[in-house]
1. Take Arg35, Arg80 and order them by how many other Cβ atoms sit within 10 Å, fewest up front.
2. Would you mind checking the tilt of helix 156-168 against the longest principal axis of the Cα atoms of the chain, expressed as 0 to 90 degrees and rounded to 10?
3. Dividing the alpha-carbon Rg of the stretch 64-193 by 2.2 N^0.38 Å yields what?
4. Translational diffusion coefficient, Stokes-Einstein: compute it for the stretch 123-235 using the Kirkwood radius over C-alpha pairs as Rh, at 25 °C and 0.890 mPa s, and state it as an integer in µm² s⁻¹.
5. Cα convex hull of the stretch 6-60: how many Å³ per residue?
6. Please arrange Val223, Val109, Val169 by how many other C-beta atoms lie within 10 Å of their C-beta, fewest to most.
7. Defining a contact as two alpha carbons under 8 Å apart and six or more residues distant in sequence, what relative contact order in percent does the stretch 6-97 show?
8. Which of Leu141, Leu18, Leu209 moves the most in a Gaussian network model of the chain with Cα springs under 10 Å?
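Read the figures in this text as sums done on the coordinates, not as results from a lab. Everything quoted here is computed from the prediction, not taken from an experiment. All Cβ positions, even for glycine, are placed from backbone atoms using ideal geometry, and neighbour counts span all protein chains on display.
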Amino acid sequence: MNEKTVLELRGVSKSYPLGRLRVGALSDVNLSVQRGEFAALVGPSGSGKTTLLNLIGCLDLPDEGTIYLAGEEMQDASKRQRALIRGRHIGFIFQTFNLIPVLTAKENVEYPLILGGHYHRAKGSELKELRERPAKLLTELGLEEYINRKPDDMSGGQRQRVAIARSLVSKPDIVLADEPTANLDTKTSTEIMNLLLEFNRKHDSTFLLATHDPLVLDFARRVVTLVDGSVAKDEVTAETEVANVN
């Protein structure tokens with residue numbers, strides 16, 4: 001691995017029990033993601049996309065092979081170690097937003113900082129910057145007027161923006177997005193994808209988006225196709241320009 005490699009999978013396989021049998025979900029997957037990539041993970045239902053995201057997100061371990069995340073090996077990590085690694089290195093964006101309804105937008109965004117103990121470890125100017133970061137991110141995403149509103153007082157697109165801010169607040173090495181446009185109309189989906197791409201370019205953030213949405217593929221600069229649990233195609237596409245939402 002070189003210093004620009006954020007994620008590397010070597011010979012990763014995973015299966016699950018089904019009665020007395022085991023059903024293969026992934027088979028000998030090799031994949032490397034570099035810092036600053038904006039990649040899409042595609043494939044038909046049952047191709048292994050969700051399983052792969054779960055493994056990369058440290059929610060599960062492979063049966064065979066090795067996963068390296070920001071240079072750390074996942075294979076022998078305990079459940080507690082994997083939770084710490086998730087907090088340090090990974091941001092998540094979910095299709096159902098997964099916001100906490102009783103918390104404001106700002107409180108939802110800063111939750112990973114509290115959960116990961118970031119406030120306790122920081123001091124002085126670093127702590128000041130951390131405390132200001134949630135509101136700053138929400139403002140950057142066009143939600144300055146919604147900082148103190150709760151999710152039920154926001155549209156789907158606004159909720160997804162809060163979820164994006166939450167995924168970025170700890171400055172993770174990689175952001176994993178599971179169908180980030182699934183519950184949004186075309187105009188809002190385009191706005192969300194433009195925002196993700198803008199953050200990718202401005203902050204050199206790394207994104208891996210699992211999707212069925214052709215619109216998302218229009219933005220991706222790399223498309224990895226899974227078929228029957230294996231990488232069938234891995235293509236680098238042309239540089240994407242920010243789309244017009246008018």
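1. Arg80, Arg35
2. 80 degrees
3. For the stretch 64-193, the normalised Cα radius of gyration is 1.12.
4. My calculation gives 159 µm²/s for D.
5. Per-residue hull volume (Cα only) is 84 Å³.
6. Lowest count first: Val223, Val169, Val109.
7. The normalised contact order for the stretch 6-97 reaches 31 percent.
8. Ranking Leu141, Leu18, Leu209 by mean-square fluctuation puts Leu18 first.
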